[in-house]
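Chemist: Can you keep this structure in mind? I'll have questions shortly.
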Amino acid sequence: MTTTATTTSGTVRRGTGTTPILASEALPPGQHFIAGGFRPGITGEKQAVVNPANESTICEVAQGTAEDADAAVLAAVEAKEAWGRTLPKKRAETLLAIADRLEENADLLARLESLNTGKPLMVSEDDVASSIDSFRFMAGAARATTSLAAGEYAEDHLSVILREPLGVVGVVTPWNYPLLMAVWKIAPILAAGNTIVLKPSEQTPLTTLKFAELTADLLPPGVLNIVTGLGPVIGERLAAHPNVDMIALTGSVNSGRAVARTASETVKRVHLELGGKAPVVIFADADLQAAAESLRVAGYWNSGQECGAGCRVLVHESVAERFAELLVEQVGTLVVGEPTAGSDVEIGPMISKAHFERVLGHLERAKEAGAKAVLGGGALEGSGYFVAPTVLVDVPEGAACTLEEIFGPVVTIETFSAEDEAVSRANEVPYGLAASVWTLNAQLGHDMASRLDAGTVWVNSHLVLANEMPWSGFKSSGYGRDLSAYALDDYSRTKHVMHNKAR
Ligand code: NAD
């Protein structure tokens, strides 16, 4: 990679180049999926999809326009009544059939995801397995919704709560987990009886299009529609469209703000899952070895391009040096490489040239502010957007690298001396998605969990998720709830029906 930024020692393991990760016939059509079939964009304009591991072009997909989005919304509107009226049992059967179809094609989907994102196969395989389980969970949850008890709350009047679909949900997804983030929306939105128009990230549309291709015979036409293209064009149109009942976006805070602003014009519901900067608070009594081993994964999974990554360590000053040594020991063993370079590759490239340069810019500014890279600290030589797994120490309090989302393989280490200081420093970031606390004192762990301002708090763990439990943020991380039965609540509405039973 040609860059003006520092390159760092360390190597990128390269694939042999003899066997492609996926045969080109397995690519999905590079077109919109509307009303049950693929169709080209109205203008015929296209955009290249790039492999970030070697910077080659994989294929081209349609660059949609507002008119393409409108066609998809029309299809979703036409399908919504029939789909909304299907019995939960039928919807559950459909979701289970989708899960089976994904399972039959799990290897293909994982390879396609790795081709498009450069992520190691172990990460893509985990994404696909979790996607399958998400559909299975939502299939069950669709048949077991709970609500207030029906009953007489006003004299001679019987109250019943109906839980209804919202109608058409517009969805915008990011590039870091293209299939998984799409599924986190599609599964509950369909389970709740809505129809969908989804816009994948312009950088990573392939597994979402493949999903549409693989499940085309399982869903009635118009229930799921995919429009490819740019956020400010397609995403904005979905947020503005009067026939879209909710806009759900996973992405950066700026994109979240943009759709929320536009959605306010039609007073539509907004569901936002935005960025994160998870603090990891380590007390003096913690199992430091366990914390370092956990952060080897939780700080660097998906090359740190992870909204819940444990990237901001606050460690008690008495054990800070020892912890930094243990973390460096752990992180130094991470295998960086192309997805074709073996099943033990753990770290892939940044998603794009622009993001690669952004991460390197963060590293340069961190060093200028006084931080020291005890591991990594820059780009790795050769083609592809690879950044060395990095540990930064001597990070001054308030430095940008501790407050802003870097979204790369970078963990910062800061120290604290007292519990209250740990809480206020952990909570000072504008984000509130996730956090962890490490201590062997159960009371302290519990107390810290209640004081940390984040939608998920782990005690003696980090980045372990369960499809039964909600994933959602506070503050600038947004307020939508993904996963769990709470997602079904978010994607449905309650209606109170009152019967006069006086005779
Ligand atoms: P991004 O905001 O740049 O893009 C996300 C999506 O929004 C893309 O499809 C993009 O085309 C679209 N978009 C961009 N501008 C838009 C606009 N003005 N109107 C409508 N849509 C617009 O984010 P990204 O770089 O793809 O993803 C990384 C971000 O996503 C990080 O901040 C990360 O923390 C966040 N993220 C959050 C979660 C979560 O669960 N909270 C999960 C994954 C990623």
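Computed from the coordinates by the stated procedures, all read-outs in this text should not be read as laboratory data. As the structure is a computational prediction, the values presented were derived from the model and not from experiment. Here Cβ is always computed from backbone atoms with ideal geometry, including for glycine, and neighbour counts include all displayed protein chains.
Chemist: Please list, in chain and number order, the residues 5+ apart from Leu230 or on another chain whose amide H is under 5 Å from its amide H, with Hs placed from the backbone.
Modeler: Gly64
Chemist: Right, another one. Give the percent of DSSP beta bridges with both residues in the chain that are antiparallel, rounded to the nearest 5.
Modeler: 45 percent
Chemist: How much mean residue ellipticity at 222 nm does the chain get from its helices, if each DSSP H run of length 4 or more adds -39500 (n - 2.57) and you divide by all residues, to the nearest 500 deg cm²/dmol?
Modeler: -11000 deg cm²/dmol
Chemist: Just to be sure I understand: of the beta bridges DSSP finds with both ends in the range 278-475, what percent are antiparallel, rounded to 5? Can you show the working numbers first?
Modeler: Numbers: 6 of 27 bridges.
Roughly 20 percent of the DSSP beta bridges within the range 278-475 come out antiparallel.
Chemist: Among the listed pairs Lys80/Lys268; Lys199/Lys353; Lys90/Lys210; Lys80/Lys210; Lys199/Lys495, which are separated by more than 20 Å between their Cα atoms?
Modeler: In this structure, Lys199/Lys353; Lys90/Lys210; Lys80/Lys210; Lys199/Lys495 exceed 20 Å between Cα atoms.
Chemist: To the nearest 20 Debye, how big is the dipole of the range 278-475 about its Cα centre, given +1 on the beta carbon of each Lys and Arg and -1 on that of each Asp and Glu?
Modeler: 400 debye
Chemist: Mind giving me the FRET efficiency for Arg39 and Arg358? R0 is 41 Å, r the Cβ-Cβ distance, nearest 0.05 is fine.
Modeler: E(calc), rounded to 0.05, equals 0.75.
Chemist: Further, regarding this structure: Under DSSP H, which helices of the chain have Cα atoms covering 27 Å or more of the helix axis and a Kyte-Doolittle average no less than 0.0?
Modeler: Within the chain the helices that satisfy the rule are 121-141.
Chemist: Charges on Cβ only, +1 for Lys and Arg, -1 for Asp and Glu, centred on the Cα centroid of the range 349-503; of Ala442, Tyr486, Ala354, which one is farthest towards the dipole's positive end?
Modeler: Towards the positive end, the residue furthest out is Tyr486.
Chemist: A follow-up question, please. Amide H to amide H, which residues 5 or more places from Phe416 or on other chains are under 5 Å from it, using H placed in the peptide plane?
Modeler: Those lying under 5 Å, H to H, from Phe416 are Val315, His316, Glu317.
Chemist: Determine ³J(HN,Hα), in whole Hz, for all residues of the range 335-345 in sequence, where each value follows from phi through the Karplus function 6.51 cos²θ - 1.76 cosθ + 1.60 and θ = phi - 60°; x replaces Gly and Pro.
Modeler: 8, 9, x, 6, x, 7, 8, x, 6, 8, 5
Chemist: Moving on to the next point. Could you give the size of the charge dipole of the chain about its Cα centre, using +1 on the Cβ of each K and R and -1 on the Cβ of each D and E, expressed in debye and rounded to the nearest 20?
Modeler: 1340 debye
Chemist: What is the local net charge at Gly382, summed over the other residues whose Cβ is closer than 11 Å to its Cβ (Lys, Arg +1; Asp, Glu -1)? Write down the numbers at each step before the final one.
Modeler: On the way: positive: Arg13, Arg14; negative: Glu55, Glu338, Glu381.
Around Gly382, the surrounding residues sum to -1.
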